[in-house]
Amino acid sequence: GRKNSREKRLLKLYENIKDGRNWETEIKNASSSGKLNSKKLYLYYLQMGKDAYTGNDIDIEDLFKDNRYDIDHIYPRSKIKDDSLTNKVLVNKTVNNNKTNVYPIDAAIQSKMSPYWQMLRSSGLISEETYKRLTRKTPLTDDELSAFVSRQLTETQQSTKAVAHILEQLYPK
């Protein structure tokens, strides 16, 4: 299921990328071995093997070693609960720890990385929404944070209703 759709999506995106690296073979090998199910590896390919905040090459052999790389939430999880790929990037653990829960991303990182992020966006590797989150210069407003909280409350209420319905069916009395 997901392995194949990830593989197909990446292969389609990499069709027009010619940088001397055989991305197609790498992606097919990762898919056939089941490794493409890993979010870290999937983000690695969406970022063309580079750290999203430094632009440094990520050695694929180091990706899972010694916790050298983190999946960072662009909008900090302390502010909103958004675990979508739109809100995630692969970064060096040390850089991520220094970023802490600050948003927007540091202006120095934005200045250095904006051309790279633009290239990823124009290639379809990251979404317009991810690009906007990475390049935004203003903090989240109180209204935005309130809307995020309201959505979470709605989701929680819907989940609670679904669980209650299941319990009523299992235990009618």
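Taking a Cβ cut-off of under 15 Å around residue 23, the surrounding Lys, Arg, Asp and Glu residues balance to a net charge of +3, with basic ones at +1 and acidic ones at -1.
Averaging the sequence gap over all C-alpha pairs within less than 8 Å and six or more residues apart, then dividing by the number of residues, gives region 70-130 a relative contact order of 34 percent.
Counting Lys and Arg as +1 and Asp and Glu as -1, each charge on the Cβ, what is the dipole of region 1-155 about the Cα centre in debye, to the nearest 20?
Magnitude of the dipole: close to 300 debye.
Hey, with R₀ at 35 Å, roughly what FRET efficiency would residue 136 and residue 170 work out to, going by the Cβ-Cβ distance, to 0.05? Efficiency, from the Cβ-Cβ distance: 0.15.
Can you work out the FRET efficiency for the pair residue 16 and residue 161, with r the C-beta to C-beta distance and R0 = 35 Å, to the nearest 0.05? That pair, residue 16 with residue 161, gives E of 0.15.
Solvent-accessible surface of protein heavy atoms, probed at 1.4 angstrom with all chains present, puts 60, 74 in the order 60, 74, largest first. Comparing 30, 101, 86 along the charge dipole axis of the chain, the residue lying farthest to the positive side is 30, per the Cβ-charge model. Each peptide in 9-16, 128-135 gets a packing score, the mean of other Cβ atoms within 10 Å over its residues, and the list from highest to lowest is 128-135, 9-16. Residues whose amide H lies under 5 Å from that of residue 88, counting only those 5 or more places away or on a different chain, are 74; hydrogens are built 1.01 Å from N in the peptide plane. Restricting the chymotrypsin sites (Phe, Trp or Tyr not before Pro) of region 41-98 to loop positions (DSSP other than H, G, I, E, B) with no more than 14 neighbouring Cβ atoms within 10 Å leaves 64.
Exceedance of the 23 Å cut-off in Cα-Cα distance is limited, within the set 8/88; 28/93; 65/93; 8/99; 65/88, to 28/93; 8/99. Helical content alone sets the calculated 222 nm signal of the chain at -16500 deg cm²/dmol, taking -39,500 (n - 2.57) per DSSP H segment of four or more residues and averaging over every residue. Relative to the longest principal axis of the Cα atoms of the chain, helix 2-14 runs at roughly 40 degrees. Hydrodynamic estimate: the Kirkwood radius of the chain over Cα pairs, inserted into Stokes-Einstein at 37 °C and 0.692 mPa s, corresponds to D of 182 µm²/s.
The Cα atoms of region 8-58 give a gyration tensor whose axes a ≥ b ≥ c have a/c of 1.5 or more with a/b no greater than b/c, which makes the shape oblate.
The values are calculated or read from the model by the stated rules, or taken from the named source; none is laboratory data. The shown structure was predicted, so the numbers you read here are calculated from the model rather than taken from an experiment. Using ideal geometry, Cβ is built from the backbone for each residue, glycine included, and neighbour counts are taken over all protein chains shown. Heavy atoms of the whole protein, side chains included, go into the accessibility calculation; ligands, DNA and RNA do not. Shrake-Rupley method; radii C 1.70, N 1.55, O 1.52, S 1.80 Å.
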